[in-house]
1. Can you go through 283, 260, 228 and tell me which one is open to solvent by 60 Å² or more (accessible area, probe 1.4 Å) and in contact with a helix residue (DSSP H, G or I) (Cβ under 9 Å, 6 or more places away or on another chain)?
2. Given the residues 211, 151, 98, 147, which is the only one that is over 30 Å from residue 279 (Cβ atoms) and among the β-branched types (Val, Ile, Thr)?
3. Working carefully through the options 114, 139, 153, 126, find the one that is away from the ligand (no atom under 11 Å from the Cβ) and assigned to a helix (DSSP H, G or I).
4. Of all residues in the stretch 96-111, count the ones that are open to solvent by 20 Å² or more (accessible area, probe 1.4 Å) and in a helix (DSSP H, G or I).
5. Might you let me know whether the stretch 5-18 holds any residue that is free of Cβ contacts under 8 Å to residues at least 12 places away in the same chain, open to solvent by 60 Å² or more (accessible area, probe 1.4 Å), part of a helix (DSSP H, G or I) and of a type in the set (S, T, N, Q)?
6. Could you count how many residues in the stretch 263-277 are within 14 Å of the ligand (Cβ to nearest atom) and of a type outside the set (Ser, Thr, Tyr)?
7. Could you tell me which residue of the stretch 141-185 is surrounded by the most Cβ atoms within 10 Å (Cβ to Cβ), considering only residues that are among the acidic types (Asp, Glu) and touching a Ser or Thr at 6+ places or on another chain (Cβ under 8 Å)?
Amino acid sequence: MNIKEVGIIGSGQMGNGIAHVCALSGYKVVLIDIAQDALDKAMGVINKNLSRQVQKGKITQEDMDSSLDRISISTDSSTLNNADLIIEAATENFDLKVKIFQGLLEHIKDECLLSTNTSSMSITKLAAATNRPERFIGLHFMNPVPVMKLVELIPGIATSDEMLTITKEFAQSLGKTVATSKDYPAFIANRILMPMINEAICALYEGVGDVESIDTAMKLGMGHPMGPLALADFIGLDTCLAIMNVLHEGFGNPKYSPSPLLVKYVEAGWYGVKSGKGFYEYP
Ligand code: CAA
């Protein structure tokens with residue numbers, strides 16, 4: 001199958017990043033969200049990030065302009081009628097994702113491929129809620145999408161080999177390298193990353209070190225580009241908690257219990273960068 005047009009559901013930090021790289025790689029993009037405000041904000045972010053790439057000499061002004069021309073935005077999912085591939089990048093809420101997929105099935109082509117950017121949920125279970133589980137896959141991008149080189153590819157139990165091949169080639173056409181994971185809670189990347197972040201929050205909760213010491217230890221001691229607490233703020237503490245809950249419920253192992261401090265921050269609405277406060281403040 002020749003993918004030409006990509007429908008992206010959700011215009012938050014992942015959705016707008018995916019729209020950016022797809023458009024820059026020559027795909028037509030339809031970016032969907034429920035609120036026009038969110039879409040306008042997403043176009044502002046894409047514009048800013050493309051400009052940054054122009055300024056750094058990574059792409060030309062023409063690349064930027066033609067990429068922006070390839071993106072259309074809409075609050076109406078019937079505009080996905082021409083899409084060859086859908087990438088769902090909505091909030092990490094299983095029932096919401098099912099509702100989204102079921103709502104778009106009546107609008108899309110029979111041959112349209114389906115994928116989700118979920119960072120932890122069962123691909124098999126989401127696929128089973130659609131009418132094409134053999135053409136459904138996990139396509140998990142990393143944040144910031146224009147910068148990070150990895151795409152995790154997660155076939156569900158019913159995903160066909162052909163679907164795996166097509167989506168691998170698609171991810172490679174975006175300049176990404178693929179790591180394939182079996183469909184178990186949080187896959188590979190977050191299965192390893194989130195317990196590390198959660199442990200950093202446990203160390204803070206227990207007073208082993210303060211925010212700065214914990215992040216400095218991991219940045220300078222391990223060569224990580226960001227400390228785990230800054231990274232948690234960057235990913236979103238609500239997302240970190242959702243992933244820890246999927247690991248905890250999925251494996252039933254107490255080693256995956258989310259830190260009480262992580263739970264408390266999320267209860268307070270302290271989600272990190274996106275809410276202006278997490279382990280750090282973002283004026
Ligand atoms: N779009 C385009 N380019 C961007 C960008 C964006 N959104 N964000 C940063 N860049 C570019 C910058 O222009 C800069 O380019 P040059 O190398 O050409 O100078 C480069 O990326 C580095 O950026 P900065 O100089 O602004 O800042 P930095 O050196 O501190 O790097 C960072 C920022 C890339 C975010 C770096 O701190 C980093 O790699 N952090 C770790 C990110 C990470 O671990 N991501 C994975 C999170 S887990 C996940 O996503 C999965 C999940 O399901 C939760």
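1. Working: 283 fails: in contact with a helix residue (DSSP H, G or I) (Cβ under 9 Å, 6 or more places away or on another chain); 228 fails: open to solvent by 60 Å² or more (accessible area, probe 1.4 Å).
Answer to the selection: 260.
2. 98
3. Just a single option satisfies the conditions, and that option is 126.
4. So the count comes out to 6.
5. So far as the stretch 5-18 goes, no, none of its residues is free of Cβ contacts under 8 Å to residues at least 12 places away in the same chain, open to solvent by 60 Å² or more (accessible area, probe 1.4 Å), part of a helix (DSSP H, G or I) and of a type in the set (S, T, N, Q).
6. 3
7. 152
Yes/no per residue for (1) at pLDDT below 95; (2) more than 13 Å from the ligand (Cβ to nearest atom); (3) in contact with a Pro (Cβ under 6 Å, 6 or more places away or on another chain); (4) within 28 Å of residue 160 (Cβ to Cβ):
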site	(1), (2), (3), (4)
188	no, no, no, yes
191	no, no, no, yes
194	no, no, no, no
203	no, yes, no, no
224	no, no, no, no
244	no, no, yes, no
248	no, yes, no, no
253	no, yes, no, no
257	no, yes, no, no
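The values are calculated or read from the model by the stated rules, or taken from the named source; none is laboratory data. Predicted model only: the values in this text are computed from it and were never measured. We place every Cβ from the backbone using ideal geometry, glycine too, and count neighbours over all the protein chains shown. Heavy atoms of the whole protein, side chains included, go into the accessibility calculation; ligands, DNA and RNA do not. Shrake-Rupley method; radii C 1.70, N 1.55, O 1.52, S 1.80 Å.
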